[in-house]
Amino acid sequence: NDSYIDIIIEFLLLPKLSKIDLSFNKLSPGCIKKLNNTIKAAKNLQYLDVSYNPFNNDEYSCLTLCSCMKSCEKLIHFGICDSSRDSGIRVLSMRPGLQSLNLEDSRYKKKTWDFFTRYLSNKKYELAVLSLKFCHIDFIYGAQFLAKGLSKNRTLISLNLYGTSLCDVSGKLIVESLINHKVMKGLDLGGNYLSTQSCMALGKMLKINKV
């Protein structure tokens, strides 16, 4: 909880520290200012995960924390349950070399999924691992935009869509978008509402995928 923030800051300032996982704790919005200032000073930080903390429910906290990722030049993994409009996704534009992004249990709407389409389609980004577990992906906006981006992406090797409220039509659309994706090694569609249509599309994709 917040009473440990000073100890956390001491760890973050260790010269050789490259990874810190603060997920599944009780950090509140009150500690964000201190945490932000320290992260900016942690020049060797490569891995930071702050998902599943109470401050994840505060839009301003998410926005300010994500914005300070610009100073983390060596960052390759970032995780947050993003309650802002799209700041978690915008970390990709700040850090094009980011290889792993955990946006589990985030609350995204139409415009946000449009950003996903652009980033997943852009060849300058190196994202290999993406987790959207427990994000609500509706068919009208989420699934269609996501499928469009995935159809043009050639870097992802792992995609977690567990418990994202995918229906059969949405699932089929996303699976079909991955048919020509030659490097995908892991795809989690568990905890959704998928049946025959999605399974048939998945079977077709698996026949083509040789990884």
Seminar exercise, completed: Flagged as over-length at 28 Å C-alpha distance, from Lys70/Lys172; Lys43/Lys185; Lys111/Lys172; Lys40/Lys110; Lys34/Lys111; Lys33/Lys124, the pairs are Lys70/Lys172; Lys43/Lys185; Lys40/Lys110; Lys34/Lys111; Lys33/Lys124
Exercise. Given the C-alpha centroids of segment 37-53 and segment 98-141, what is the distance between them in whole angstrom?
Worked result: 20
Problem set entry | Theoretical FRET efficiency, 1/(1+(r/R0)^6), r = Cβ-Cβ of Glu73 and Phe139, R0 35 Å, to 0.05 | 0.35
For this session: Once every Cα of segment 72-211 carries one equal point scatterer and solvent is ignored, give the base-10 log of I(q)/I(0) from the Debye formula at q = 0.09, 0.12, 0.16 Å⁻¹, two decimals.
Result: -0.23, -0.42, -0.77
Exercise. Counting only protein heavy atoms, what percent of the accessible surface of the chain is carbon or sulfur at a 1.4 Å probe?
Worked result: 55
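Over 16 Å apart: what share of the alpha carbon pairs of segment 19-111 falls there, rounded to a whole percent?
47
The values are calculated or read from the model by the stated rules, or taken from the named source; none is laboratory data. What you see is a predicted model, and the numbers here were worked out from it, not measured in a lab. All Cβ positions, even for glycine, are placed from backbone atoms using ideal geometry, and neighbour counts span all protein chains on display. The area values use the complete protein model at the heavy-atom level, side chains included, leaving out ligands, DNA and RNA. Shrake-Rupley method; radii C 1.70, N 1.55, O 1.52, S 1.80 Å.
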